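Let me begin by presenting the structure, written as structure tokens, before commenting on it.
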Amino acid sequence: METSPVSHALLQTSRAILALAAAGMAPAAESQSPASPAAPTITIDAGQIKGRSSPILYGLMTEEINYSYDGGLYGELIANRAFKDSPDSPAHWSVSTANGGVGAISMDESQPLNDALHTSLKFEFKAAGPGQRVGLSNEGFWGIPILPSTVYDASFYAKAAPGFKGPVTIALAGNDSPTTFAIALVPVLSETWNKYSVRLKTRADIAPSKNNHFVLWTTGAGTIWLQNISLFPPTYNNRPNGNRPDIMRLLAEYQPKFLRIPGGNYLEGNTLATRFNWKETIGDVSQRPGHMNDAWRYHSSDGMGLLEFLEWCEDLRMQPLLAVYAGLALRNGGAVAPGADLAPYVQDALDEIEYVTGDANTQWGARRAKDGHPAPFALTYVEIGNEDWKETYDGRFTQFYDAIKSKYPQLQLIDSSARSAANGKVTTYAKSRKADVYDCHLYTRSEQQSEARSTDYDTYDRAGPKIFEGEWATRVGTPTPNMAGAIGDAAYMTGLERNSDIVVMASYAPLFVNVNRGAMQWPTDLIGYDALHCYGSPAFYAQAMFNNNRGDEILATSAANVGMRTWQGFPNRGGQPPAPQQLPTLFYVATRDSKTGVVYLKMVNPLDTPQDVRVEIHGAGAVGPDGESVIMKASSLAATNSLEEPRKIVPVTARESGFGASFIRTLAPYSINILKISTRSP
Ligand code: AHR
């Protein structure tokens, strides 16, 4: 049958409607819900792609702070295993005796294991009557976690003085009762340094506990010297010298895309001697001297060394973002002068890149293979220094830049001296060379301050270097952020994501905190733990929500009728308070998955009241009525997660209906909302 152009068009339209109906979708013009004239309206122009969202936008930043590795992610359970924590006394170690045994421990430099671990622990059992024994105990990092049906690997280096007969017993024991959870025996010790290893298995019927200690005891009189006394629980992916499984599993939920290593101030240290000297962090742990982490005021075993960082990346499928030491000491040492003085540090950086990326035919690639990882790691980004806000950076940056670019032209180099302002302007001390990426840091003191900074990159020059938000956080809540922090973070992330054509990566900092008293140097950290348990803060889950629900196309999105509220910003250091600022009461961003057509609309309601929001989707052709929501909300801004209530505030996923080209949703007070809406191209 012939049709006129008009009837042909009608036919096509009705065919299209039928097809959409069969697919369960509504044509774009159809209204799904009555509108409230006063409701804020978010309009997504699905026909206008503003940019491609960086596939590696959300990642992690890490350093040794707040007992992040020793006493944190790194599996080692013995505190001060190499007797370096204090020069005068064996911190965390003590002597226990039974039935009148007399014993003593002391630091002894006369019997070094090697040049790296030069001070041994001298353990003397001075009298050995019947039934007497003397034990050497380690309290662990605020306890030793004991789990049922678990195998622990204990090892130590020992040298016996002539006449010491042994045996030596290794045990895991309770602090409050004479319970021994697991025990193993080393029958004899030799009179030269040797490594001894035993396995300790706990019974199935014990309850998990942390109020425990490790003990090595003897019933034979005499003297022994000990070094590198180690105890490992099972690790993630069973890696030797590996990581705590519970924290790794929590991180895996987030699916971070990169890991910025190894700092932070930890990269630099207060002096040249206390920098993260990567060459001293590789190989057998008994050959690693460790170093004073004076940036954060405690000793680092360097058990978490360069290769362990890289294997952490491998385990979670993250790419490493390597920060190389750029010749700046935080305090006394000042900055190394460019030229001949700086050359060894530049060479160290080139060697480090070769250790990461070189094949086994290169000098440092061969060393990595010898250390147990023959395959090279992929590396795209190298950062030169950390927060290097110094006039001297220009000369140092130039020397590093030229050397690295000439050997590795494919690497993207990051300028660590950059700072961004609220108006989208970025300033840098690196004038002679233009970096590929600027690392800008932003720590705010309230959720409103983060909200105010959520538009920073809307006006950033698209022709400029890309942006890496290498450290950022809304610092509200301690030891981990509360819901106020999460709300501020989520509002800020809408800005990062809206601008993720140029903001290529972002990482919250700091990542970890051991929540025990005395462990924390920096309040407001993403993940908290003690010896036995860990938990994610609401801010952690906000990031996981954002990362796991994101498309590759940034859609043009605008809002009308959004309420405003007044915020009085903080005075600058010593200055007058700025003029009060008007802040919106709704934050949003929309992206679309180009393969599936799913639109991810993120909305943040910072108010203590619900908000009705009308959503309009233009240019999508068709919008499916059924979808999904992922929502995290709290009854107060102070609400938070903790060891006691680790999942009090978490995202909840639900099926949704009633989506369309125009619909209304009510956002709960203090809520972070993601709607996953099915769309089809016109
Ligand atoms: O994240 C804590 C510290 O903040 C980092 O070590 C440093 O880079 C920044 O000043």
Pairs with Cβ under 7 Å, 6+ apart, first in the stretch 386-405 and in contact (Cβ under 8 Å) with a residue 12 or more places away in the chain, second in a helix (DSSP H, G or I) and within 16 Å of the ligand (Cβ to nearest atom): N386/N265; N386/L267; N386/E268
Top-ranked residue of the stretch 51-77 - restricted to ones that are touching a Lys or Arg at 6+ places or on another chain (Cβ under 9 Å) and not in a loop (DSSP other than H, G, I, E, B), ranked as farthest from the ligand (Cβ to nearest atom): G51
Qualifying positions in the stretch 292-314 - under 23 Å from K195 (Cα atoms), in contact with a strand residue (DSSP E or B) (Cβ under 8 Å, 6 or more places away or on another chain), away from the ligand (no atom under 16 Å from the Cβ) and not small (G, A, S): D302, E308
Selection from the stretch 257-273 of residues that are surrounded by fewer than 23 Cβ atoms within 10 Å (Cβ to Cβ) and either of a type in the set (K, R) or away from the ligand (no atom under 14 Å from the Cβ) (or both): K257, T271, L272, A273
Any chance K50 is within 25 Å of S662 (Cβ to Cβ), modelled with pLDDT of 95 or more and either in contact with a helix residue (DSSP H, G or I) (Cβ under 9 Å, 6 or more places away or on another chain) or basic (K, R) (or both): yes
Residue check for A375: away from the ligand (no atom under 16 Å from the Cβ), surrounded by fewer than 17 Cβ atoms within 10 Å (Cβ to Cβ) and at pLDDT 95 or above: yes
Given (1) closer than 21 Å to N293 by Cα; (2) part of a loop (DSSP other than H, G, I, E, B), index of the condition V513 fails: (2)
Selection from the stretch 520-539 of residues that are surrounded by 22 or more Cβ atoms within 10 Å (Cβ to Cβ) and within 11 Å of the ligand (Cβ to nearest atom): T524, D525, L526
Segments classed as strands (runs of 3 or more DSSP E), wholly inside the stretch 629-682, with at least 1 members that are within 15 Å of P481 (Cβ to Cβ): 671-680
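Just give me the residues in the stretch 160-187 being among the aromatic types (F, W, Y) and at pLDDT 95 or above, in sequence order.
If the condition is that a residue be among the aromatic types (F, W, Y) and at pLDDT 95 or above, then F181 is the only one that fits.
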Number of positions in the stretch 399-422 that are within 15 Å of L321 (Cα to Cα) and under 25 Å from the mean Cα position of the chain (by Cα): 6
Residue check, I353 away from the ligand (no atom under 16 Å from the Cβ), surrounded by 14 or more Cβ atoms within 10 Å (Cβ to Cβ) and within 19 Å of G263 (Cβ to Cβ): yes
Test: residue in the stretch 119-135 that is free of Cβ contacts under 8 Å to residues at least 40 places away in the same chain and surrounded by 16 or more Cβ atoms within 10 Å (Cβ to Cβ): yes
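The values are calculated or read from the model by the stated rules, or taken from the named source; none is laboratory data. Since we're looking at a predicted model, the values are computed, not measured. Cβ coordinates were reconstructed from backbone atoms using ideal geometry, including for glycine residues, and neighbour counts include every protein chain displayed.
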